[in-house]
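Peer 1: Sharing a structure, written as structure tokens. Questions coming.
The values are calculated or read from the model by the stated rules, or taken from the named source; none is laboratory data. For clarity, every value in this text was computed on a predicted model and none was experimentally measured. Cβ atoms come from the backbone with ideal geometry, glycine included; neighbour counts cover every protein chain shown.
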């Protein structure tokens, strides 16, 4: 059977780009189709532009804190148009780098929508061209959904449209309790918008350690209007703005309502039915540990598989796929131990098990904690605390989880994640010499457990 290419990649996001480049590096003939912009959600309208906005918002705290260190500043003024223009220019620059890197690797980029025609054929819709491929990789990601589907929901925007706003909203309602909602609420509050964060649950960030979740709620309640345990009933136009009615009858007036309540895999019209691939209950493509679908020639990586929906995970999956299929190095990805950060303000970094998850998994655990005022706050006067938490399996002394809350938690957790991934023990932490004076030294100076927990009903 003759093929036009060895690999056809549908989707030019982080996972697809990495797979294409690595496969091409092994000598494969690769074609990649992207209907929007190469770079995917993360680079174009996700973590990269959002992090630039996070940086912008944090200058507000820096300007306030400077007075405690002897600086006298005029009242600063923020210009949304300048931030937007510079942010968008950086995104365009990064998109160009992605294009260049793919072309240098020998990957042919096709700026069209591609769908599956059969197990070895991809159809390019604009040109109506058929491409025969020995292997097809689906890396089309996911899209935000407008939920709950209440009256007036179409008046709201999502994390896609938020990057298109031409002006900073004076009032914004953010709905959701995950990464995206938490981060954007923090951004808009810092930039000066009167911000309300609404979440139906009693805590933000489901799946994170409860103490970190509580600390975030306490910090956010000081920075914005935090509404927990409430849901949206409808959205109406009111004058030049919007009015959101909640389940308790209260009304929140805002210039924008941002829905950040979830994302769905981009499988619509992809042609999965033509080859017999049946999506799972949430619309994701089921795959095995090597990203293989039920069709031997078709693979999938990234958010479309709904395994762990994070950019670095998609990149790792794409790389592992290329190593396995073209590098003759069978490689699977461990989705159970993933360092991650939430770029809230204060920031969160975490790796491994939460305290409750560790208690369920281990016969007995020790929990080491440190909660303190950061050194910078002693002069700035800022009412903020750092929390560090290390969870240890008593039977093996292995560190099962580390949870950080405070400035630079994301940077710290990347380094800590190496140690935890390698199987570091509490003794390894203890014999590491502290770097002083830093906040991170607390990770290696905690000697007495704050809590020792047994399984339910024991001890």
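Peer 1: With more than 15 Å from residue 145 (Cβ to Cβ) and exposed (fewer than 14 other Cβ atoms within 10 Å of the Cβ) as the only criterion, which of 240, 244, 254 stands out?
Peer 2: Values: 244 fails: exposed (fewer than 14 other Cβ atoms within 10 Å of the Cβ); 254 fails: exposed (fewer than 14 other Cβ atoms within 10 Å of the Cβ).
The match here is 240.
Peer 1: I've got another one for you. Looking at residue 19, is it closer than 26 Å to residue 180 by Cβ, in a helix (DSSP H, G or I) and in contact with a strand residue (DSSP E or B) (Cβ under 6 Å, 6 or more places away or on another chain)? Write out each step before concluding.
Peer 2: Numbers: closer than 26 Å to residue 180 by Cβ: yes; in a helix (DSSP H, G or I): yes; in contact with a strand residue (DSSP E or B) (Cβ under 6 Å, 6 or more places away or on another chain): yes.
Answer is yes for this residue.
Peer 1: If we scan region 427-439, do we find a residue that is surrounded by fewer than 20 Cβ atoms within 10 Å (Cβ to Cβ), without any contact (Cβ under 8 Å) to a residue 40 or more places away in the chain and within 26 Å of residue 333 (Cβ to Cβ)?
Peer 2: Yes: one or more hits.
Condition check ((1) surrounded by fewer than 16 Cβ atoms within 10 Å (Cβ to Cβ); (2) in contact (Cβ under 8 Å) with a residue 40 or more places away in the chain) across all residues:
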residue: 81; (1), (2): yes, yes
residue: 89; (1), (2): yes, no
residue: 104; (1), (2): yes, no
residue: 136; (1), (2): no, yes
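Peer 1: Confirm whether residue 392 is within 22 Å of residue 208 (Cα to Cα), touching a helix residue (DSSP H, G or I) at 6+ places or on another chain (Cβ under 6 Å) and at pLDDT 95 or above. Walk me through how you get there before you give the answer.
Peer 2: On the way: within 22 Å of residue 208 (Cα to Cα): yes; touching a helix residue (DSSP H, G or I) at 6+ places or on another chain (Cβ under 6 Å): yes; at pLDDT 95 or above: yes.
Yes, satisfied.
Residue by residue, here is whether (1) surrounded by fewer than 20 Cβ atoms within 10 Å (Cβ to Cβ); (2) touching a helix residue (DSSP H, G or I) at 6+ places or on another chain (Cβ under 8 Å); (3) under 30 Å from residue 222 (Cα atoms) holds:
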| residue | (1), (2), (3) |
| --- | --- |
| 296 | yes, no, no |
| 306 | no, no, no |
| 317 | no, yes, no |
| 346 | no, yes, yes |
| 370 | yes, yes, yes |
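Peer 1: Would you be able to say whether some residue in region 350-364 is at pLDDT below 95, in contact with a helix residue (DSSP H, G or I) (Cβ under 7 Å, 6 or more places away or on another chain) and either in the same structural domain as residue 174 (by TED's automatic domain parsing) or outside any helix (DSSP H, G or I) (or both)?
Peer 2: Among the residues of region 350-364, not one is at pLDDT below 95, in contact with a helix residue (DSSP H, G or I) (Cβ under 7 Å, 6 or more places away or on another chain) and either in the same structural domain as residue 174 (by TED's automatic domain parsing) or outside any helix (DSSP H, G or I) (or both), which makes the answer no.
Peer 1: Please count how many residues of region 385-418 are surrounded by fewer than 19 Cβ atoms within 10 Å (Cβ to Cβ), assigned to a loop (DSSP other than H, G, I, E, B) and touching a residue at least 40 places away in the same chain (Cβ under 8 Å).
Peer 2: 3
Peer 1: Examine region 440-454 for a residue that is surrounded by 12 or more Cβ atoms within 10 Å (Cβ to Cβ), modelled with pLDDT under 95 and over 17 Å from residue 370 (Cβ atoms), and state whether such a residue exists.
Peer 2: Yes, region 440-454 contains a residue that is surrounded by 12 or more Cβ atoms within 10 Å (Cβ to Cβ), modelled with pLDDT under 95 and over 17 Å from residue 370 (Cβ atoms).
Peer 1: If you don't mind, there's one more thing I want to ask. Among the residues of region 319-334, write down those that are assigned to a loop (DSSP other than H, G, I, E, B) and touching a helix residue (DSSP H, G or I) at 6+ places or on another chain (Cβ under 7 Å). Steps first, answer last, please.
Peer 2: Quick first cut of region 319-334, residues assigned to a loop (DSSP other than H, G, I, E, B) only: 327-334.
Of everything in region 319-334, those that are assigned to a loop (DSSP other than H, G, I, E, B) and touching a helix residue (DSSP H, G or I) at 6+ places or on another chain (Cβ under 7 Å) turn out to be 329, 330, 331, 332, 333.
Peer 1: Evaluate the following for residue 131: is it crowded, with 20+ Cβ neighbours inside 10 Å, farther than 29 Å from residue 282 by Cα and out of contact with any helix residue (DSSP H, G or I) (no Cβ under 6 Å at 6 or more places or on another chain)? Don't jump to the end; show me each part of the working.
Peer 2: Details: crowded, with 20+ Cβ neighbours inside 10 Å: yes; farther than 29 Å from residue 282 by Cα: yes; out of contact with any helix residue (DSSP H, G or I) (no Cβ under 6 Å at 6 or more places or on another chain): yes.
Yes.
Peer 1: When you scan region 206-237, how many residues do you find that are exposed (fewer than 15 other Cβ atoms within 10 Å of the Cβ) and within 30 Å of residue 391 (Cβ to Cβ)?
Peer 2: Qualifying residue count, region 206-237: 8.
Peer 1: A further question follows. Could you tell me which residue of region 149-164 is surrounded by the most Cβ atoms within 10 Å (Cβ to Cβ), considering only residues that are touching a strand residue (DSSP E or B) at 6+ places or on another chain (Cβ under 7 Å) and within 12 Å of residue 258 (Cα to Cα)? Walk me through how you get there before you give the answer.
Peer 2: Initial filter on region 149-164 (touching a strand residue (DSSP E or B) at 6+ places or on another chain (Cβ under 7 Å)): 150-153, 155-160, 162.
Those still in the list that are within 12 Å of residue 258 (Cα to Cα) too: 153, 155-160, 162.
Values: 153: 15, 155: 16, 156: 22, 157: 20, 158: 17, 159: 22, 160: 13, 162: 24.
Across region 149-164, the extreme among qualifying residues is 162.
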